[in-house]
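One structure is given here, and the rest of the page talks about it.
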Amino acid sequence: MNKEHINVWEEDRIGIIQLNRPKALNAINRKMVDEIVDQMQAFDQEDQIRVILIKGDNRAFAAGADIEEMMEETPLSLELLDPFAVWDKISLIKKPTIAAVNGFALGGGFELALHCDLIIAAEDATFGFPEIKLGVMPGAGGTQFLTKAMGRRKALEWIWLGEPMSAREALHYGVINRIVAPELVDEEAIRLARQLSNQAPISLRLIKEAVQAAEDQSLLEGKKIERKNFYVAFASEDQNEGMRAFKEKRPPHFKGV
Ligand code: CO8
């Protein structure tokens, strides 16, 4: 299932995508984004997959967009290519997505992690938006995601200064979920993914949509989506199973129907 710039495999109902340009610290070129998004969409449609996990290698999750590929761009070539449009498709993935970060997650690499629902990182991982040092700025959602996570003042400070953000700082500001020893990142990410893969899949999707609405919409609109999704959950066999299992004092077995 491997492609030119990513390795892909499945493990215990978890669809795993590993960025694979180690010599360039997994710098993300356009082909790689296309491959990542295609694969995420494929996993999203595959019944046996319950969670999608994205990782890099020990040195880097991804050290940014590929600077070499980007350096000759012009406003008009960018306008025509619209290289960020494909990134929007990541936000439409319905299943839970987890980023497992070792080493650098910079620029577009940080943005890829921020597109995921949950982020697990090594305690010595480095995040950041160094774009300002290249005379540009984040372009794949970084200004939006970071501001929503840490508020305007802190986001401006980090993006204006372009300094590295330690995993501890990222955790402190609520930008990532958990930090663990570097050698435990994969294990912890898989453990969390397994835990999620045992939850009711329809509920996971409905909750994701409702939480997303809390970020994107007004309180009233968000509550309407929550309510609609609550009602939809009652159309599932898993609702029946979950409540019956409670009554029968046994663990539920969710099928995603
Ligand atoms: N793009 C291309 N190549 C890269 C990148 C990158 N972002 N990062 C590292 N590499 C390459 C290096 O050029 C080097 O290649 P070579 O061995 O052929 O010289 C190799 O990876 C190893 O890198 P270093 O020797 O620099 O390794 P160090 O351990 O000394 O340093 C750093 C690691 C600090 C991570 C350093 O590599 C670095 O600063 N990298 C650039 C980080 C950066 O500026 N990222 C932001 C890029 S801009 C961006 O992401 C905009 C997002 C918008 C998306 C645009 C889509 C079109």
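The values are calculated or read from the model by the stated rules, or taken from the named source; none is laboratory data. Nothing here was measured: the structure is a model prediction, and the numbers come from that model. Don't worry about glycine lacking a Cβ; one is built from the backbone with ideal geometry, like all the others, and counts go over all protein chains shown. Only protein heavy atoms, including side chains, enter the accessible area calculation; ligands, DNA and RNA are left aside. Shrake-Rupley method; radii C 1.70, N 1.55, O 1.52, S 1.80 Å.
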Return the total of residues in segment 73-84 being away from the ligand (no atom under 11 Å from the Cβ) and either open to solvent by 80 Å² or more (accessible area, probe 1.4 Å) or of a type in the set (A, V, I, L, M) (or both). 4
Qualifying residue in segment 211-218 (condition: among the hydrophobic types (A, V, I, L, M, F, W, C) and touching a Pro at 6+ places or on another chain (Cβ under 9 Å)): no
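Looking only at residues that are open to solvent by 70 Å² or more (accessible area, probe 1.4 Å) and more than 10 Å from the ligand (Cβ to nearest atom) in segment 123-139, which one is farthest from I67 (Cα to Cα)?
Out of the qualifying residues, it is E123.
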Quick count over segment 144-162, residues being closer than 23 Å to L25 by Cβ and more than 10 Å from the ligand (Cβ to nearest atom), is 5
Per the filter on segment 56-72, residues over 16 Å from I6 (Cβ atoms) and more than 8 Å from the ligand (Cβ to nearest atom) are N58, M71, E72
Go through segment 236-257 residue by residue and tally those that are open to solvent by less than 90 Å² (accessible area, probe 1.4 Å) and under 27 Å from Q45 (Cα atoms). 10
Scope segment 165-181; condition closer than 19 Å to A100 by Cβ and either in a helix (DSSP H, G or I) or open to solvent by 60 Å² or more (accessible area, probe 1.4 Å) (or both); matching residues: A167, R168, E169, A170, L171, N177, R178
Could you figure out which of (1) farther than 30 Å from E46 by Cβ; (2) more than 7 Å from the ligand (Cβ to nearest atom); (3) open to solvent by less than 40 Å² (accessible area, probe 1.4 Å) isn't true of L106? (2)
Go through segment 35-72 and report how many residues are among the acidic types (D, E), open to solvent by 70 Å² or more (accessible area, probe 1.4 Å) and closer than 21 Å to K95 by Cβ. 2
In this structure, is V51 within 13 Å of the ligand (Cβ to nearest atom), of a type outside the set (D, E) and within 23 Å of E215 (Cβ to Cβ)? no
Filter segment 85-103 for residues that are more than 10 Å from the ligand (Cβ to nearest atom) and under 18 Å from T143 (Cβ atoms); which is most open to solvent (accessible area, probe 1.4 Å)? D88
Based on what the data block shows, is L53 in contact (Cβ under 8 Å) with a residue 60 or more places away in the chain and closer than 19 Å to L192 by Cβ? yes
